[in-house]
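A short write-up of the structure that comes next.
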Amino acid sequence: MAVHRGEFNSRLGFILAAAGSAVGLGNIWKFPFEVGAGGGAAFVVMYLIFCFLLCFPVMVAEIAIGRKTRRNPVGAFKALKTPNWSFIGKLGILSGFLILSFYNVVAAWAFGFFIEMLVGNFAIGSEFGNFIKDWLKVGIFGLLFMSMTAYIVSHGVQRGIERAAKFLMPSLIIIMVVLLIYSLSLEGAIDGLRFYLIPDFSKINGQVIYSALGQAFFSLSLGMGALITYGSYLNKNQDIVGSAVMITLMDVGIAFLAGLMLFPLVFSQGIEPNGGAGLVFVTLPGVFENLGPNMGVVVGSLFFLLLSFAALTSTVSLLEVPVSYVVDEHKVPRTRAVWLTAGLIFVIGIPSLLSQGANGFFSNFIEIIGLAREGMTDYSFLEFIQWVANDTFLPFGGMMISIYAAYIWKKENLTEELAHGNKNYAGSNMEKFINFAITYLAPSVLAVIFVLTVLNRFFGIDSIA
Ligand code: PHE
């Protein structure tokens, strides 16, 4: 069974591929505008707490389940002789479909902006609202992007996913650091830093908590089996806990860096930080323009190219989940599975594509179905999918995975799996923390927030003022 499945070549390859999955539009596009909408540093604090206390243990559990069973997220539960729990994997595949369907649209924006920067069209920032309405153009970029994703995934784990990540991830970090240095040198940078770094805890309310939790899961690619899948390609000698620490730190670090880079720019240009999904796209072109025509083209196109790359290592992991399922469970040849799934997801993404901008098709979707909230900046279908998938399904999936690992698979078995590749794990404080988190902390906290999120997002009841 496991013969044809492929395996990561090295520990570094696995870490980069998993970090490549984690680091993406979530860090550079979504994190800053969520911070902007959620009141600044207070959001950042909530996000960090969720990442380390709740998400990290779930990540360890996901990778362990994957490596133990060497299966996709549905097959994994069958392999552990608990087929009733494979609904977790099925929900994960559904989440993956939904997420990739809108993610590809945003990736298409990023790719489109790369082309705009290349031809020196810096005015595109202020025309962002019109850019996203041009569904034909964005649709073509989207088709291109989905094809690149499918192409990589069709080449399998080592030659496709691992090779791409090894090259793309380091490049991204370098360009971000360069932009960060520039942004910190600007006049007015300090106001941005204040907004980003000094928390005003009176700004924490239900919305901030639900979005910060959804963002933590989304950003770390958790709760839908992406890391069960990647874990299934991991060698038994590798240290799962150590790798998970690295992946979490890289992901959180890059999101943090993105904010550190962006908020000084936002404030020095007098842009409102709570403008929603356009924040990165509206802010940056003007900055690149100020670098002068030549530098502007170089840095600007490089930035959006790397944003596209970051998105690509994430779309690859999103597509790999349903593909591994179809390949393992239904014995469909890999190439066919890849192109069929990618095509289907592209079609599911059409409403997100058409829903953009004022008067766009479905742009008032949330209003139509009666879910609009006061103070919302974006009523689009794309926003709605994120409520369902990121903020509701992912934390729910994470809760189920914790419960499963602690009570059904059992902690002893988890520890045994984690001890492969980490001789000192059994009996360590890390073991105590992870066991405590998956047994008590994650199930209870995630259950409470899940109920509150559903009440708020889908019934309009605000339980936390
Ligand atoms: N973590 C990715 C990002 O931040 C998105 C993602 C979510 C990828 C879930 C895979 C699974 O961009």
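Return the pair list, or none, for Cβ contacts closer than 7 Å from residues in segment 18-32 that are over 15 Å from Ala165 (Cα atoms) to residues that are near the ligand (Cβ under 6 Å from one of its atoms) and outside any helix (DSSP H, G or I), at least 6 apart or on different chains.
That search, which allows pairs on different chains as well, returns nothing.
Pick out the one residue from Pro322, Pro333 that is of a type outside the set (Asp, Glu) and open to solvent by 10 Å² or more (accessible area, probe 1.4 Å).
Pro333
What are the residue pairs meeting all of these: first residue in segment 133-151, first residue free of Cβ contacts under 8 Å to residues at least 40 places away in the same chain, second residue not aromatic (Phe, Trp, Tyr), Cβ atoms under 6 Å, and 6 or more apart or on different chains?
Filtered contacts from segment 133-151: Phe141/Ala108; Phe141/Gly112.
Take Asn235 and decide whether it is surrounded by fewer than 16 Cβ atoms within 10 Å (Cβ to Cβ), modelled with pLDDT under 95 and under 30 Å from Tyr404 (Cβ atoms).
Yes; evaluated as a whole, the condition is true for this residue.
Restricting the first residue to segment 435-460 and requiring it to be farther than 21 Å from Ile49 by Cα, which pairs with a second residue that is among the β-branched types (Val, Ile, Thr) and open to solvent by 40 Å² or more (accessible area, probe 1.4 Å) meet a Cβ separation below 9 Å and a spacing of at least six or different chains?
Correct list of pairs: Leu455/Ile461; Asn456/Ile464.
Here are the criteria: (1) outside any loop (DSSP other than H, G, I, E, B); (2) under 17 Å from Leu16 (Cβ atoms); (3) open to solvent by less than 20 Å² (accessible area, probe 1.4 Å). Tell me which single one Leu265 does not satisfy.
Only one criterion in (1) outside any loop (DSSP other than H, G, I, E, B); (2) under 17 Å from Leu16 (Cβ atoms); (3) open to solvent by less than 20 Å² (accessible area, probe 1.4 Å) is unmet by Leu265, namely (2).
Within segment 152-178, work out how many residues are touching a residue at least 12 places away in the same chain (Cβ under 8 Å), of a type outside the set (A, V, I, L, M), touching a Phe, Trp or Tyr at 6+ places or on another chain (Cβ under 9 Å) and under 16 Å from Ser21 (Cβ atoms).
Matching residues across segment 152-178 total 3.
Looking at the structure I just gave you, is Leu257 within 16 Å of the ligand (Cβ to nearest atom), open to solvent by 10 Å² or more (accessible area, probe 1.4 Å), more than 22 Å from Leu144 (Cα to Cα) and modelled with pLDDT of 95 or more?
Spelling it out, it is not the case that Leu257 is within 16 Å of the ligand (Cβ to nearest atom), open to solvent by 10 Å² or more (accessible area, probe 1.4 Å), more than 22 Å from Leu144 (Cα to Cα) and modelled with pLDDT of 95 or more.
Taking the condition under 21 Å from Met148 (Cβ atoms), more than 16 Å from the ligand (Cβ to nearest atom) and crowded, with 17+ Cβ neighbours inside 10 Å, does Phe346 pass?
In short, yes.
Just name the residue that is farthest from the ligand (Cβ to nearest atom) out of those in segment 194-230 that are surrounded by fewer than 18 Cβ atoms within 10 Å (Cβ to Cβ) and part of a helix (DSSP H, G or I).
For segment 194-230, the residue satisfying everything is Ser202.
When only residues in segment 412-425 that are more than 16 Å from Met59 (Cβ to Cβ) and charged (D, E, K, R) count, which is surrounded by the most Cβ atoms within 10 Å (Cβ to Cβ)?
Checked segment 412-425; the qualifying residue surrounded by the most Cβ atoms within 10 Å (Cβ to Cβ) is Glu416.
Out of the residues in segment 310-327 that are under 10 Å from the mean Cα position of the chain (by Cα) and among the hydrophobic types (A, V, I, L, M, F, W, C), state the one that is nearest to the ligand (Cβ to nearest atom).
Leu318
For Lys90, only one of the following conditions fails: (1) closer than 30 Å to Met148 by Cβ; (2) touching a helix residue (DSSP H, G or I) at 6+ places or on another chain (Cβ under 7 Å); (3) among the charged types (D, E, K, R). What is its number?
(2)
Could you grab the pairs with beta carbons closer than 8 Å, sequence gap of 6+ or different chains, first residue in segment 87-113 and open to solvent by less than 10 Å² (accessible area, probe 1.4 Å), second one charged (D, E, K, R)?
Short answer, once both residue conditions are applied: Gly112/Lys137.
Among the residues of segment 68-86, write down those that are surrounded by fewer than 24 Cβ atoms within 10 Å (Cβ to Cβ) and closer than 24 Å to Asn235 by Cα.
Result: Lys68, Thr69, Arg70, Gly75, Lys78, Ala79, Leu80, Lys81, Thr82, Ser86.
Which members of segment 1-40 meet the condition of being open to solvent by less than 10 Å² (accessible area, probe 1.4 Å), in contact with a Gly (Cβ under 8 Å, 6 or more places away or on another chain) and more than 9 Å from the ligand (Cβ to nearest atom)?
Once the filter is applied, which keeps residues that are open to solvent by less than 10 Å² (accessible area, probe 1.4 Å), in contact with a Gly (Cβ under 8 Å, 6 or more places away or on another chain) and more than 9 Å from the ligand (Cβ to nearest atom), segment 1-40 yields Pro32, Val35, Gly36.
Spot the failing condition for Glu272; the list is (1) open to solvent by 10 Å² or more (accessible area, probe 1.4 Å); (2) within 15 Å of the ligand (Cβ to nearest atom), and only one is missed.
(2)
The values are calculated or read from the model by the stated rules, or taken from the named source; none is laboratory data. No experiment lies behind these values; they were computed from the predicted model shown. FYI the Cβ positions are ideal-geometry reconstructions off the backbone, even for glycines, and counts take in every protein chain you see. Note: accessible area is taken over every heavy atom of the protein model, side chains too, but ligands, DNA and RNA are not part of it. Shrake-Rupley method; radii C 1.70, N 1.55, O 1.52, S 1.80 Å.
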